[in-house]
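Working notes for the structure below.
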Amino acid sequence: MIKDENQINMNLSKMKKNILLLMLAMPALIGAQNVVTGTCQVLTSPDGAYRFTFYQRPLAEGNTQMCYSLTYKDRPIVEDSKLGLLIENPLSESSQGGASDTCYSWFDNMKLLDTERRKVDEAWKPVYGERNEVRDYYNEMILKFHQEEEGKNTNVYNKHKKRFLNIVVRAYNEGVAFRYHFPKTKKGDTLHIVGERTDFTMPDGTMAYYTKRAQTAYELRPLEGWGKEESERPLTMKLPGGLFVSLLEAEMVDYARGKFRLSTARPSTLEMTIHSSVKIASPYSTPWRVVMVAEKPVDLINHNDILLNLNAPCQLGNTSWIKPGKAFRCGLKQAEVMAAIDFAAERGIQYVHMDAGWYGPEMNNNSDATTIAEDKDLDIPALCKYAETKKVGIFVYVNQRALLRQLDALLPLYKKWGIKGIKFGFVNVGSQHWTIWLHDAVRKCAEYGMMVDIHDEYRPTGFSRTYPNLLTQEGIRGNEEMPDAIHNTILPFTRFLAGAADYTPCYFNGRVKNTKAHQLAMAAVYYSPLQFLFWYDNPTLYRGEEELEFWKVIPTVWDDSRALDGEIGEYIVQARRSGNEWFVGAMTNTEARTITVTTDFLKSGTKYVLNLYEDDDSLNTRTKVRTTHKRIKAGDKLVLSLKANGGAAMHFVPVVKNELVI
């Protein structure tokens, strides 16, 4: 009995402590606003760092507003903020979306019926990825609400009927995610969502890495003066207290794309916007809204598995045909493709890609992607057979105009020809219609063993976990636009948090603004299971440059990945392991800097040979990259002097019996 009493006292003491902490945090987060009695619900991450607090505030006429706040290690992150969706009903085919007299929220005056809680701690192995195992570890809270409408509002959908709604919250050690879920009803209610009330009130003085579209440059902006402009996601921010925050979207597969705009009514508040209205039928879950916090910027990168964890597991039974690798874009003559295949085989590149134009003008609706353009001498089945003898595969580009008309005919034909994958071009993104079309197209490709690369404005939200035949996507300002080194050192902390990106690194092209060692390092810094290299280059430009051995031997998927050091827009050091070998890329912005890399990531007690590739303007070579080979062990420090716009690439290979293992 004494033991039981002691345990009870300990539990009471712990409960009082938690209540005290909550009371201390609440004033800073919700100010003097009242909280409806009995509505406050708190969820913490397994390590206790994140604390998500849900509550309802009283409004006029007896209504209530759903709200939340978020702290990290007792520091305010998201202050008093709203939750909710705007719904327009009755649902009609003529409805065009946007607010109207029939627009209302299910979230006003709902009653909390129950709260379910659970803890999950599992691990899963991806088909490929930045790590060979992912831990899925979180605490979950499901808030269950209902509202019984008594017909007071003549515009309200389904008068005299109970409405049911869940808010699902997950707290990971890596971040917090929440979504709205409409449980199944007997009639399977249909709803027309025309907007979100979800917002994020950030601490005063927060600065955001704003980008207008998926392929535009970044600006560091305060949370003021945006006008009607919206920012892409992920949206990474610097808080005045020194923390870093990123807002992301996960599992957006049948909804409308979200972006962030500034509230005109509340300072320092970001509102979640959706591209256009959404039609749903219960049961239905909206995409996850995700908040990641880090004390160091590289922790955002190291915690990016959260987006994959928020997506459904792989839906493919057999994935042996999904083979990540490097790719090389070729010319569109038979001889040019043959030469590209030979170059790829010699340079350790797994795929050759035939880009736009092989079946005719891509923007012409009459171009037939089942045939070869009249001005091309291509024999694709023969090229696929030749490539197979070289252990090289063929990808082809198809514009969405042809995909939309011909996908069902293209897939069996391309499989017959021997094509391994398709690069989707100029896809439409944003609306629910095109979101559903695009993900359905990826599913159809999987049925025919076809890998996919989606180009242009599409940004990932984790769908590659569910359908890993989607190897990569663009949605990035890459070497097609030739950005500067500042942009390149922002990307790991922003766009790449969402997943793989097809940056298309160049090497020899004269328009590149950065050094050759900076370009080399991209293969290690930037993650893309289908990694295009030598973009805008051709096989004749290669003249045996020693440093290009780095691109030859580096893989595109990994057993482990660790961002070692970096500051947003200044520099980045990224390490990745494949088997027993490590590959490291370091990139700086437009300023020269000296950085120290501590090799604690190497296996203790193992000796390595380091192949180091650095810029050296004193060399009498056209690429001016110095190659150095040295012995090294775990814990040794490397001092790198990076020139402006420069970088360094490193390959660590274990030594066995004093021999280099390659």
* Structure fact -> Rg (one decimal) and Dmax (whole number) from the Cα set of region 461-615, in Å, equal 15.3, 45
* For region 231-303, what is the charge dipole size about the Cα centre, in debye to the nearest 20, if Lys and Arg each add +1 at the Cβ and Asp and Glu each add -1 at the Cβ? -> 240 debye
* From the backbone phi of region 300-313, what are the Karplus-calculated ³J(HN,Hα) couplings (6.51 cos²θ - 1.76 cosθ + 1.60, θ = phi - 60°) in whole Hz, Gly and Pro given as x? -> 4, 5, 6, 10, 6, 5, 4, 5, 5, 4, 8, 10, 5, x
* Structure fact -> So for R0 = 25 Å, FRET eff. of residue 185-residue 140 from the Cβ-Cβ r, to 0.05, ends up at 0.65
* Give the percent of DSSP beta bridges with both residues in the chain that are antiparallel, rounded to the nearest 5. => 85 percent
* Once amide H atoms are placed 1.01 Å from N in the peptide plane, what residues at a sequence separation of 5 or more from residue 560, or on another chain, have their amide H within under 5 Å of its amide H? -> 132, 577
* Asked: Based on the Cβ-Cβ distance of residue 598 and residue 622, what FRET efficiency does E = 1/(1 + (r/R0)^6) give at R0 = 30 Å, to the nearest 0.05?
  -> 0.35
* Structure fact -> Hydrodynamic calc, region 284-443: Kirkwood Rh from Cα pairs, then Stokes-Einstein at 25 °C with viscosity 0.890 mPa s, so D in µm² s⁻¹ is 135 µm²/s
* To do: Note down the Stokes-Einstein diffusion coefficient of the chain in µm²/s, whole number, using a Kirkwood radius over alpha carbon pairs, 37 °C, and 0.692 mPa s.
  => 123 µm²/s
* Asked: Leaving out same-chain residues fewer than 8 places away, which aspartates and glutamates sit with a Cα under 16 Å from that of residue 415?
  -> 379, 388, 447
* To do: Quote the charge dipole size of region 261-381 about the Cα centre in Debye, to the nearest 20; the model charges only the Cβ of Lys and Arg (+1) and of Asp and Glu (-1).
  => 720 debye
* To do: Please give the length that would be gained between residue 637 and residue 364 if that part of the chain were fully extended, namely 0.36 nm times their separation in residues minus their C-alpha to C-alpha distance (nm, one decimal).
  => 92.6 nm
* Asked: Which value, to two decimals, describes the C-alpha radius of gyration of region 195-293 once divided by 2.2 N^0.38 Å?
  -> 1.09
* Where nothing but the Cβ of Lys and Arg (+1) and of Asp and Glu (-1) is charged, how large is the charge dipole of the chain around its Cα centre, in debye to the nearest 20? -> 1100 debye
* Residue-wise, which Karplus ³J(HN,Hα) couplings in Hz belong to region 126-136, taking 6.51 cos²θ - 1.76 cosθ + 1.60, θ = phi - 60°, and x for glycine or proline? -> x, 4, 7, x, 8, 9, 8, 8, 10, 8, 10
* **HN-Hα J in Hz across region 254-267 - Karplus 6.51, -1.76, 1.60, θ = phi - 60°, x for Gly and Pro** => 8, 10, 10, 4, x, 9, 10, 10, 7, 5, 8, 10, 10, x
* Pull up all non-local amide H partners of residue 63: gap of 5 or more, or a different chain, and H-to-H distance under 5 Å with H placed in the peptide plane. => none
* To do: Quick one: of 376/516; 552/630; 162/184; 228/513; 259/326, which pairs are farther than 23 Å apart, Cα to Cα?
  => 376/516; 228/513; 259/326
* Sequence of 651, 275 from largest to smallest accessible area, 1.4 Å probe -> 275, 651
* Rg/Rg_globular for region 367-412, with Rg_globular taken as 2.2 N^0.38 Å and Rg from C-alpha atoms -> 1.28
* Accessible surface of the chain [probe 1.4 Å, protein heavy atoms]: carbon and sulfur percent -> 49 percent
* Farthest toward positive dipole pole in the chain [+1 Lys/Arg, -1 Asp/Glu at C-beta], among 530, 441, 84 -> 84
* P(r) of region 420-465 in 5 Å steps, Cα pairs, percent per bin? -> 5, 21, 33, 29, 11, 1
* With the radius of gyration and the Kirkwood radius both derived from the Cα set of region 278-359, what is their ratio Rg to Rh? -> 1.18
* To do: Pull up all non-local amide H partners of residue 506: gap of 5 or more, or a different chain, and H-to-H distance under 5 Å with H placed in the peptide plane.
  => 535
* Asked: Points 7 angstrom from Cα along the Cβ direction at residue 302 and residue 117: gap in nanometres?
  -> 2.9 nm
* Please report, in whole Å, how far the alpha carbons of region 322-370 spread along each principal axis, starting with the longest. => 38, 27, 15
* Structure fact -> Over the chain, the sum of -39500 (n - 2.57) across DSSP H runs of at least four, divided by residue number and rounded to 500 deg cm²/dmol, gives at 222 nm -5500 deg cm²/dmol
* Asked: Rg and Dmax of region 558-645, using alpha carbons, in Å: what are they?
  -> 13.7, 39
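The values are calculated or read from the model by the stated rules, or taken from the named source; none is laboratory data. No experiment lies behind these values; they were computed from the predicted model shown. Quick reminder, even Gly has a Cβ in these numbers, built from the backbone with ideal geometry, and neighbours come from all protein chains shown. Heads up: the accessible areas ignore ligands, DNA and RNA and are worked out on the full protein's heavy atoms, side chains in. Shrake-Rupley method; radii C 1.70, N 1.55, O 1.52, S 1.80 Å.
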